[in-house]
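The values are calculated or read from the model by the stated rules, or taken from the named source; none is laboratory data. Just so you know, these numbers come straight off a predicted model, no measurement behind them.
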């Protein structure tokens, strides 16, 4: 870099990241949302697996944070369903 020449800093890769938090405990959803927002991440929160699966999800998340003991459907069940849903979405596009 030449002396005295300033370049624009590259955009932080964090700005493009989105975290989906699925937890039936509202306090936990709130705490996790605040934590991820504090480091510049976008966050979407869901109270249940069904709530997540019923929504049209335009953004592709970078990360899922799943409660493994959700009330009606466990985070592990949701984890198994997500690839199936992604394939259905891709095949209908």
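Output the residues belonging to the stretch 55-92 that are part of a helix (DSSP H, G or I) and either at pLDDT 70 or above or closer than 21 Å to residue 43 by Cα (or both). Reasoning before the result, please.
Taking the stretch 55-92 as the starting set, the residues that turn out to be part of a helix (DSSP H, G or I) are 75-92.
Listed by number, the residues that qualify are 75, 76, 77, 78, 79, 80, 81, 82, 83, 85, 86.
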Which residues, taken from the stretch 1-34, are at pLDDT 80 or above and over 13 Å from the mean Cα position of the chain (by Cα)?
24, 25, 26, 27, 28, 30, 31, 34
